[in-house]
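The next block holds one structure in the form of structure tokens; read it before the comments.
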Amino acid sequence: MKFYVVSIFPEIFKAVNYSVLGKAVDKGAVSVECVNPRDFASDRHKTVDDEPYGGGAGMVMKPEPLVAAIEKVRSLSPGVKVLLLSPRGRRFDQRFARELAGEEAICLVCGRYEGVDERVSYFVDGELSVGDFVLSGGEYAALCVIDAVSRLVPGVLGSQESLREESFSFSLLEYPHYTRPPEFRGLKVPEVLLSGNHALIADWRRFQQLKLTFERRPELLAEAELSERDKQKLLRILKGEEWSP
């Protein structure tokens, strides 16, 4: 998977050299290349922003350097999917991440300042938002997207089982995890996890997934694929019952 990032702060993307992403980059499963709009500015000061027409606070990113940077990326990778990081874009979620993981190359265009000249939107394939909150720029959102999509690329994670069980993989939150010691400050690991009975453990974990999702993100249940056993578990959860073998 090839990622291109259009950003005036390419240094931020040194973060991809660490942890899971860093290993993926070392193996060649993922690559990240930054293209700086300042390199395409026409004046000696490398100006990429200007005052907004009509007045108002802040500065707006100019179209010429951004579009030139986008066109540079398209020349390097003709089939690249170009997405502008924008609060008005499609909300990024696990389903969107799976869609993007099917692309050969993705370009993420990072805005800064008060925003991006509207005409830039005519040169991208779509817009993407990571949530309803304000960031200093698109770089941090782009890092989230790169990390989430990269995890879905074959060979990036050591275990595909991790993908199947993670939160949002099937529109459900993940079950609780425990490790040693079996008791910590009076808090004990659930007995079923110490039983060695894999069928009971799987049943407990599924119950906890459904319970946590119902309690914290109930809207996700509308999109989840639920079996009859799942529906029976949900009925028990609705009644306030706890898991039992």
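The values are calculated or read from the model by the stated rules, or taken from the named source; none is laboratory data. Predicted, not measured: the structure shown is a model, and the values here were computed from it. With ideal geometry, Cβ positions are generated from the backbone for all residues, glycine too; neighbour counts draw on all protein chains shown.
Observations on the model:
- Taking (1) within 13 Å of Arg112 (Cα to Cα); (2) surrounded by fewer than 16 Cβ atoms within 10 Å (Cβ to Cβ) in turn, Ile8 satisfies each apart from (2).
- Which numbered condition Pro176 fails, given (1) surrounded by 12 or more Cβ atoms within 10 Å (Cβ to Cβ); (2) out of contact with any helix residue (DSSP H, G or I) (no Cβ under 7 Å at 6 or more places or on another chain): (2)
- Where a residue in the range 66-79 is in contact (Cβ under 8 Å) with a residue 24 or more places away in the chain and its partner, wherever it lies, is surrounded by 16 or more Cβ atoms within 10 Å (Cβ to Cβ) and acidic (Asp, Glu), with Cβ under 8 Å and at least six apart: Leu66/Asp117
- Restricting attention to the range 120-175 and to residues that are of a type in the set (Ser, Thr, Tyr) and at pLDDT below 90, the residue that is nearest to Asp26 (Cα to Cα) turns out to be Ser159.
- Subset of the range 193-215 (residues that are hydrophobic (A, V, I, L, M, F, W, C), free of Cβ contacts under 8 Å to residues at least 24 places away in the same chain, closer than 18 Å to Tyr178 by Cβ and surrounded by fewer than 16 Cβ atoms within 10 Å (Cβ to Cβ)): Leu194, Ala202
To keep it simple, each residue is scored yes or no on (1) of a type outside the set (S, T, N, Q); (2) more than 24 Å from the chain's Cα centre (by Cα); (3) under 17 Å from Cys110 (Cβ atoms).
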| site | (1), (2), (3) |
| --- | --- |
| Ser7 | no, no, yes |
| Glu11 | yes, no, yes |
| Ala24 | yes, no, no |
| His45 | yes, yes, no |
| Val48 | yes, yes, yes |
| Val60 | yes, yes, yes |
| Val67 | yes, yes, yes |
| Leu76 | yes, yes, no |
| Val82 | yes, no, yes |
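- Lone qualifier among Glu215, Glu228, Glu219 - being under 16 Å from Gln94 (Cβ atoms) and outside the structural domain of Ala97 (by TED's automatic domain parsing): Glu219
- In the set (1) touching a strand residue (DSSP E or B) at 6+ places or on another chain (Cβ under 6 Å); (2) basic (Lys, Arg); (3) within 23 Å of Leu21 (Cα to Cα), the condition left unmet by Arg151 is number (1).
- Residue match in the range 10-19 (condition: in a strand (DSSP E or B), among the aliphatic types (A, V, I, L, M) and either touching a residue at least 12 places away in the same chain (Cβ under 8 Å) or within 20 Å of Arg74 (Cβ to Cβ) (or both)): no
- Checking each residue of the range 216-232 against the condition of being surrounded by 15 or more Cβ atoms within 10 Å (Cβ to Cβ), more than 31 Å from the chain's Cα centre (by Cα) and modelled with pLDDT of 95 or more gives no match.
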